[in-house]
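**Student:** Sharing a structure, written as structure tokens. Questions coming.
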Amino acid sequence: MLIRENKIDPRTKLTAVILISSLAVLIKDIALLLGIFSITFIIALGFGNNPLALFKKLKKLALLFMAIIIIQSSFSSGIPLLRIGSITLLTIDGFTKGILLAIRMCIIIISATIISTSSPREIVQGLIQWKIPYEIAFMVSIGIRFLPLFVDEIKDTVNAIQLRGIELDKIPIGKRMKIYSYVLMPVVATTLMKSKRLSIAMESKGFGIYPRRSSFKRLKLSKVDYLLMAAFLVGAFTIVTVYLG
Amino acid sequence: MKYTIEVKDLCFRYYSKEEDTLQGINLKVEKGEVLTIVGLSGNGKSTLCHCISGIFNHLDKGSLRGEILLNGRSLKDLSRVDIIKQIGIVFQDPDTQLFSPTVEDEIAFGPENLCLETDVITYRIDDALRVVGMEEFRFSNPNHLSGGQKQLIALASVLSLEPEIFIFDEAMSQVDKAGKLLIKNKIKALKKQGKAIIMIEHDLSNLDISDRVMVLREGKLFDFNGSLS
């Protein structure tokens, strides 16, 4: 059976994500990084991502980005940009580094959303057909599958604490952090128990019994996929050439 | 007479414990028979079912003495492939049994591990879905189903391995009344097909479909006389 739910093969999307993320890490020029960010955004939209959802994701991280810029500035020497008395709060060099890091993170987050337009099963199948060992491919898929369960587990434990009469919103941040540390132990214990049960269930169905496994679904690259992959490679090569030249 | 499952003087001790969790268990299950093992929590019910299904042989969690025979052949002489082809287990918690993005993928998981051909896998998916009556949910996400439906998919994923022996390890404990009825009906159908079935239960209201009931108490197996203690 061929997978035809999505028009674009997940391997094409994975190629795009790998190239974009590598460029984001490699390039240290703000103008080029902004260009890569714009291209990434357009590619993400092209693969069917919702632009509003993308902006919401970045908006949520705005505070984090601000913090990164300030921290980078504080630990970097150079020409001062903002001073209070003899203390330098911001330097041009630090500010630039902070901005670079924030753009880099935006690019990586947006590029990761490209792959989310494929189902986990398609991604696993793509990785297997790329000759990635199926144990590793499944590890990725199960990680994605169990993340919401892990979040639910944390919420349940926090609810249990609140049901004992602790109003988390009304206590100082220091004490709140201490209470959150109590959440860690039961969450980790439950997660370990669940992962043990999961591994037994998988083993009982023969997971890992042979070095290889068959797949009743097969992915097939179309002409569009080959064209897109070629375009991504040429694009990445051009950006690197411009950067190094 | 050759029994589908025969357990002879089975003892099991976890490496982390000083006493045997199972102490001299003897039991026999024939083709087309439903044996239910009841008992309070911590009396070794799940340990017994893990021993019979060969999970502990593979995971090496403790020391196992005695003998377990499947159709006359010792579990020790069987490969993991042979055991998986013969025994299917449905566990208690549906959420840790279902890990695929669609029902279809979930059911295909076992046959894919056995390296079956695409046509055979497709046939087994169709057949398992028909048996549990969940054809319309083929492309659904298992996370979006009710507890009873999830357990039916867990059962379908075991059915696709076409085992002769089924073990239900408290499979109805997290299921509502309607879900219990659905699962019980499927167990009755499996019994009619000649499958040997072991049900591990702590809820005495689920005993109505059993041919025989035994109680596991402090690691020992007794005939059930209506009381767990």
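**Student:** Highest mean first, how do B:14-22, A:28-36 rank when packing is the count of other Cβ atoms within 10 Å averaged over residues?
**Tutor:** Ranking the peptides B:14-22, A:28-36 by packing returns A:28-36, B:14-22.
**Student:** Right, here's the next one. Got the relative contact order for segment A:10-244 handy, in percent, Cα pairs under 8 Å and 6 or more residues apart?
**Tutor:** Reported relative contact order: 26 percent.
**Student:** Also: Taking 7 Å along the Cα-to-C-beta vector as the label spot, tell me the B:GLU135-B:ASN185 distance in nanometres, rounded to one decimal.
**Tutor:** Taking the two extended label points, one gets 1.5 nm.
**Student:** Quick check: Cα centre of segment B:134-163 to Cα centre of segment A:11-32, how many Å?
**Tutor:** Going from one Cα centre to the other spans 40 Å.
**Student:** Let me ask another. Taking the Cα centre of the protein assembly as shown as the origin and placing charges on Cβ (Lys, Arg +1; Asp, Glu -1), which of A:THR113, B:GLY148, B:LEU221 is farthest toward the positive end of the dipole?
**Tutor:** A:THR113
**Student:** What ranking, highest mean first, results for peptides B:104-111, A:115-122, A:42-49 when packing means the other Cβ atoms within 10 Å averaged over each residue?
**Tutor:** B:104-111, A:115-122, A:42-49
**Student:** Also, quick follow-up: Got a sec to turn the phi values of segment A:18-26 into Karplus ³J(HN,Hα) couplings, 6.51 cos²θ - 1.76 cosθ + 1.60 with θ = phi - 60°, whole Hz, x for Gly and Pro?
**Tutor:** Running phi through 6.51 cos²θ - 1.76 cosθ + 1.60 with θ = phi - 60° gives 4, 5, 5, 4, 5, 4, 4, 6, 6 Hz.
**Student:** A follow-up question, please. Is segment A:10-244 best put as rounded, prolate or oblate by its Cα gyration tensor, with a ≥ b ≥ c the root eigenvalues, rounded for a/c under 1.5, and otherwise prolate when a/b is larger than b/c, oblate when not?
**Tutor:** oblate
**Student:** Here is a further query. Work out the charge dipole of segment B:3-223 with +1 on the Cβ of Lys and Arg and -1 on the Cβ of Asp and Glu about the Cα centre, then indicate which of B:ILE25, B:ALA189, B:TYR123 is farthest towards its positive end.
**Tutor:** Looking along the dipole axis, the top candidate is B:ILE25.
**Student:** Place a +1 charge on the Cβ of each Lys and Arg in segment A:149-226 and a -1 charge on the Cβ of each Asp and Glu, then give the dipole magnitude about the Cα centre in debye, rounded to the nearest 20.
**Tutor:** Around 440 debye, computed over segment A:149-226.
**Student:** Past the 27 Å Cα-Cα mark, which pairs from A:LYS56/A:LYS217; B:LYS2/B:LYS85; A:LYS28/A:LYS57; A:LYS196/B:LYS191; A:LYS13/A:LYS196; B:LYS2/B:LYS45?
**Tutor:** In this structure, A:LYS56/A:LYS217; A:LYS196/B:LYS191; A:LYS13/A:LYS196 lie more than 27 Å apart at Cα.
**Student:** Hey, another quick one. Can you tell me the order of A:133-141, A:103-111 when each peptide is scored by its average per-residue count of other Cβ atoms within 10 angstrom, highest first? Provide the component values of the computation, followed by the final result.
**Tutor:** Details: A:133-141: 16.1, A:103-111: 19.8.
Highest-to-lowest ranking by the protection proxy: A:103-111, A:133-141.
**Student:** Can you figure out the FRET efficiency of A:TYR182 with A:ILE132, using R₀ = 35 Å and their beta-carbon distance, to the nearest 0.05?
**Tutor:** For A:TYR182 and A:ILE132, the calculated efficiency is 0.35.
**Student:** Other chains' Cβ within 10 Å of A:120-133 residues: what's the mean?
**Tutor:** Numbers: counts 5, 7, 1, 1, 3, 1, 0, 0, 0, 0, 0, 0, 0, 0.
Counting Cβ atoms of other protein chains within 10 Å of each residue's Cβ and averaging gives 1.
**Student:** Hey, for a label at B:ARG73 modelled as a point 7 Å past Cα toward Cβ, could you say which residues of segment B:1-15 have their backbone N under 14 Å away?
**Tutor:** Hits in segment B:1-15 for B:ARG73 at 14 Å: B:4-5.
**Student:** Using a basic spin-label model with each label point 7 Å from the Cα along Cα→Cβ, how many nm lie between A:ILE161 and A:ALA53?
**Tutor:** Spacing of the two 7 Å Cα→Cβ label points: 3.1 nm.
**Student:** Using only atoms on other chains, find how many Cβ atoms lie within 10 Å of each Cβ of peptide B:86-98 and report the average.
**Tutor:** Shielding by partners across B:86-98 averages 4.
**Student:** Let me ask something else. How high is the relative contact order of chain B? Use alpha-carbon pairs under 8 Å, at least six apart in sequence, and give a whole percent.
**Tutor:** 31 percent
**Student:** About the Cα centre, and with charges only on the beta carbon of Lys, Arg (+1) and Asp, Glu (-1), how big is the dipole of chain B? Nearest 20 debye, please.
**Tutor:** Here chain B has a charge dipole of around 600 debye.
**Student:** Turning to a different aspect of this structure: Calculate the translational D of segment B:3-223 in whole µm² s⁻¹ from Stokes-Einstein, where the hydrodynamic radius comes from the Kirkwood formula applied to all Cα pairs, the temperature is 25 °C and the viscosity 0.890 mPa s.
**Tutor:** Roughly 139 µm²/s, to the nearest whole number.
**Student:** For A:LYS170, which lysines qualify as cross-link partners when the Cα separation must be under 17 Å and same-chain residues fewer than eight apart are set aside?
**Tutor:** Within the straight-line limit of under 17 Å, A:LYS170 reaches these lysines: A:LYS178.
**Student:** Computed over the Cα atoms of the protein assembly as shown, what is the ratio Rg over Rh, Rh following Kirkwood?
**Tutor:** On the way: Rg = 27.9 Å, Rh = 26.1 Å.
Using only Cα positions, Rg/Rh for the protein assembly as shown is 1.07.
**Student:** Take the Cα radius of gyration of segment A:128-245 and divide it by 2.2 N^0.38 Å, with N its residue count; two decimals is plenty.
**Tutor:** Dividing the Cα Rg of segment A:128-245 by 2.2 N^0.38 Å gives 1.72.
**Student:** Let me ask something additional. Against the empirical 2.2 N^0.38 Å scaling, what ratio does the C-alpha Rg of segment A:63-137 come to? Walk me through the intermediate numbers first.
**Tutor:** Details: Rg = 20.1 Å, N = 75, 2.2 N^0.38 = 11.3 Å.
Rounded to two decimals, the normalised Rg is 1.77.
**Student:** Another one. Could you go through segment B:152-165 in sequence order and give the Karplus-derived ³J(HN,Hα) for each residue, using 6.51 cos²θ - 1.76 cosθ + 1.60 with θ = phi - 60°, rounded to whole Hz, and x for Gly and Pro?
**Tutor:** Result, ordered by residue: 5, 5, 4, 5, 4, 5, 7, 4, 5, 8, 6, x, 8, 10 Hz.
**Student:** What are the ³J(HN,Hα) couplings of segment A:211-228, residue after residue, when phi is run through the Karplus curve with 6.51, -1.76, 1.60 and θ = phi - 60°? Round to Hz, x for glycine and proline.
**Tutor:** Coupling constants for segment A:211-228: x, 10, 9, 7, 10, 7, 10, 10, 8, 10, 6, 9, 4, 4, 4, 4, 5, 4 Hz.
**Student:** Take the cross-link list A:LYS155/B:LYS184; B:LYS8/B:LYS61; B:LYS61/B:LYS184; B:LYS8/B:LYS184; B:LYS8/B:LYS186; B:LYS31/B:LYS186 and give me the ones stretching past 27 Å between alpha-carbons.
**Tutor:** The answer is A:LYS155/B:LYS184; B:LYS61/B:LYS184; B:LYS8/B:LYS184; B:LYS8/B:LYS186.
**Student:** Convert 20 °C to kelvin, take the viscosity as 1.002 mPa s, use the Kirkwood radius over C-alpha pairs of segment A:1-110 as Rh, and evaluate the Stokes-Einstein diffusion coefficient in µm²/s, rounded to a whole number. Display every interim value, and only then the final one.
**Tutor:** Details: Rh = 15.8 Å.
D, rounded to a whole number, is 136 µm²/s.
**Student:** Sticking with this one: Using alpha-carbon pairs under 8 Å, 6+ residues apart, how would you state the relative contact order of segment B:1-54 in percent?
**Tutor:** 31 percent
Readers should treat all values here as calculations from the given coordinates under stated rules, not as data from a laboratory. Remember, predicted model here, so these are calculated numbers, not experimental data. Heads up, the Cβs are rebuilt from the backbone with ideal geometry, glycines too, and the neighbour counts pull from every protein chain shown.
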